[in-house]
Amino acid sequence: MKIRSRSGNKENSFQPLGETDRTRRTRRKQLSLEEERYLTTEGPIHLTGIQALVRLNFDNLRLLQTIYPEKRFAYFISGYEGSPLGGLDINLRKVYSLLKDWHILHVPGGNEEAGANMMWGSQIHRLFGPSKVDGVIGAWYGKGPGVRRIADVQDHMQMAGIDKFCSAYFISGDDHSSKSSTTPHQTDLIHYANHIPTAYPGNVREILEAGKRIMLVSMLSGLAINLKLETYVCDGSQEFLLNPDEDLELAEKFLDFLEKNKDYTRHFSPVLLPPSVLVNESELLYSKLPMVSEISRLFGLDQWYNRELKSDFGIIATGKSYYDLLGALKELNISDNEVEIFKPLITWPADMTSLREFARGKKELIVIEEKRSFYESHIKNALYNDRGRPVIVGKQDENGVTLFPANGNLDSDKIAQILGPRLAEKSVFRDRKLETVLNERRRFAELDLPIQIKRPPAYCSGCQHRTALEIAGHHLREGTVDKTTVHSHDLDGNSVTIEISPKHLMGIGIGCSTMSIIDSLASNRSVVVGPMESEGLLWMGASAFSYRVHADQGCGDGTYFHSARLNINFIRDAIRHLKKHYGIDDTNQTLLYVDNSVVAMTGGQRPVGQDDPETAIVNIQREGIEHIAVVAEAPEEFRHFKNGTASTCTQNLKRFA
């Protein structure tokens with residue numbers, strides 16, 4: 001099906017069919033440079049990874065207006081900030097007036113679950129009566145730990161399906177090297193468990209290309225899609241040319257698919273109760289997910305480079321690893337047009353028809369992907385029963401020995417060191433003296449060069465963390481020297497007197513407060529660092545088995561309003577339960593809540609749902625907390641609180657520590 005552009009203007013050869021009110025408003029007003037980067041439709045453009053995600057909202061609406069010029073679409077974006085997506089919400093706020101013109105609603109979630117539930121709600125808006133629009137594109141954003149938190153929302157959403165003319169995707173930040181996370185993470189495995197297909201772009205330009213295509217895949221299949229973004233892709237930037245004809249090409253493929261698949265019905269049933277939910281499950285597994293592979297093939301989402309070589313081996317590389325592979329080949333003095341390479345965009349469910357065509361006639365497939373095996377596992381499962389299947393190596397070689405590591409970050413240097421010896425064995429490269437190149441690179445890698453510039457973490461000047469937690473950390477370190485006598489009870493209720501060192505244990509939550517324990521970690525001292533929403537709860541699980549009767553827990557305001565404020569109620573109930581049923585009545589802890597009005601590690605934005613300190617104190621009092629000490633520059637402002645204590649900063653900090 002052909003779609004004709006109505007625009008004959010050479011300066012703007014791309015124009016959606018059917019101009020809308022929002023595009024008229026946008027044309028009438030003078031655009032800032034910030035807005036221009038999101039609305040220009042041809043020529044060169046320079047974007048960061050985060051800016052590409054902002055532009056994607058406008059690109060997708062333009063694309064839908066090209067496909068359905070008579071319909072009205074809107075966008076709903078929600079989630080929770082966190083590196084490598086830490087600046088996404090800030091960049092969205094910079095163009096709020098433009099978002100409003102285009103009916104793009106950004107509503108930050110107080111935490112990841114809140115954002116995911118709101119985004120799902122945008123997909124079922126027609127259940128609540130007459131709708132203002134024909135369809136809504138929903139987008140959620142969050143880092144790896146946040147993806148783990150929304151698993152139940154994803155499961156319900158995917159089982160229910162997506163309403164007609166709606167589309168949804170999850171923007172998942174992967175911090176493979178734990179650059180700004182307590183643990184490294186890999187989100188595609190989590191999405192796989194919740195039946196969510198994963199698309200993996202490898203650079204900034206591909207964010208836009210992949211984002212448009214998965215929006216259409218979602219609308220056609222009735223499933224939400226995961227857009228996996230690795231740290232270096234989010235943090236990177238790229239200049240590239242926009243294709244003004246891309247939307248027309250995608251629109252034609254989209255409408256051709258609808259024409260050829262008239263019998264395909266995508267059911268939408270958000271009432272998940274047995275036995276009807278079993279029908280949903282069957283359709284999800286045997287209709288919708290296989291349809292994703294069909295759509296992937298139609299849109300040509302898998303790229304096969306240098307197929308004319310007809311080699312007896314091929315390399316498969318996903319996302320960022322594809323570009324790292326190109327860098328590794330360059331380091332080995334091998335041109336990237338000398339090797340057959342297969343690059344899938346959707347890594348699950350994989351388009352096995354295209355993959356089998358690539359694998360046909362090959363003796364070996366080398367799979368390169370970061371972290372644990374994902375695409376490799378799926379293609380091994382698919383090709384296992386094929387006659388003449390090739391040897392497939394990736395995380396392990398054919399003898400079960402580790403090949404490409406599953407831990408840490410996989411870059412071009414590592415790929416070159418691992419891939420080089422295998423390529424040296426291939427007849428086509430035997431005269432390249434790859435071993436000489438590898439030895440030279442190993443020699444450089446083994447050089448013990450001193451670090452000239454060190455950048456230790458530091459608190460921002462004037463931040464409450466700087467004074468509060470530095471003093472607390474100081475007392476934590478001092479406590480490792482002296483011992484203190486503790487009177488407690490064993491599990492049988494017998495009185496016990498014991499000496500404990502250190503005197504004080506301080507739990508530290510996610511955020512800048514972790515800097516207060518770096519010295520303690522270096523000295524092998526006891527510290528506790530848990531995930532968000534663990535603040536204080538770890539001690540409740542440990543307190544019944546420890547002779548310690550008190551612990552301190554640090555918590556920033558970002559974490560407090562994300563989830564930790566719920567813990568006050570949980571901790572109080574746990575203490576009551578231990579006392580009532582087990583006679584344990586010597587459990588206690590102090591929460592050191594630092595309010596600096598920003599989530600500093602992700603850009604300095606105000607925590608979503610944050611109360612002023614006075615309201616926070618009132619809410620804490622309502623939970624039945626016995627003693628609240630307020631540390632402030634002007635403590636007299638808080639003297640009117642019942643049972644409140646106002647004194648100087650130093651005095652209160654000594655009480656906490």
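Just so it is clear, none of the values below were taken in a lab; they were calculated from the coordinates. Treat the numbers as computed from the prediction; the structure is a model and nothing was measured. A quick note on method: Cβ atoms are made from the backbone with ideal geometry, for glycine too, and the neighbour counts reach across all protein chains shown.
If you take every residue apart from GLN123 with its C-beta less than 11 Å away from the C-beta of GLN123, what net charge results, scoring Lys and Arg +1 and Asp and Glu -1? Here the charged neighbours net out to +1.
In segment 190-271, Cα pairs under 8 Å separated by at least six residues give a relative contact order of 31 percent. Packing, as the average of other Cβ atoms within 10 Å across residues, places the peptides 266-277, 138-149 in the order 138-149, 266-277, highest first. The fewest-to-most ranking of LEU284, LEU592 by surrounding Cβ atoms within 10 Å reads LEU284, LEU592. The listed peptides 484-494, 150-160, ordered by packing as a protection proxy, come out as 150-160, 484-494 (highest mean of other Cβ atoms within 10 Å first). Relative contact order for segment 33-298: what is it in percent, counting Cα pairs under 8 Å that are at least 6 residues apart? About 24 percent, as a whole number. Of all DSSP bridge pairs formed entirely within segment 33-298, close to 20 percent run antiparallel. The simple Förster model, with R0 at 22 Å and r as the Cβ-Cβ distance, assigns VAL107 and ARG606 a FRET efficiency of 0.90. Relative contact order, whole percent, for segment 303-445 stands at 25, derived from Cα pairs under 8 Å and 6 or more residues apart.
Taking K and R as +1 and D and E as -1, what net charge do the other residues with C-beta under 13 Å from the C-beta of GLU34 add up to? Surrounding charge for GLU34 is +2.
I'd like the Karplus ³J(HN,Hα) series for segment 559-567: coefficients 6.51, -1.76, 1.60, θ = phi - 60°, whole numbers in Hz, and an x wherever there's a Gly or Pro. For segment 559-567, the Karplus-derived couplings read 5, 4, 7, 6, 6, 5, 5, 5, 5 Hz, x marking Gly and Pro.
Residues LYS253, LYS580, arranged from fewest to most other Cβ atoms within 10 angstrom of their Cβ, appear as LYS580, LYS253.
Karplus-based coupling profile of segment 613-627, in residue order and whole Hz: x, 4, 5, 4, 5, 4, 5, 5, 4, 5, 7, x, 5, 6, 9, with θ = phi - 60° in 6.51 cos²θ - 1.76 cosθ + 1.60 and x standing for Gly or Pro. Sorted fewest first by neighbouring Cβ atoms within 10 angstrom, HIS581, HIS562 come out as HIS581, HIS562.
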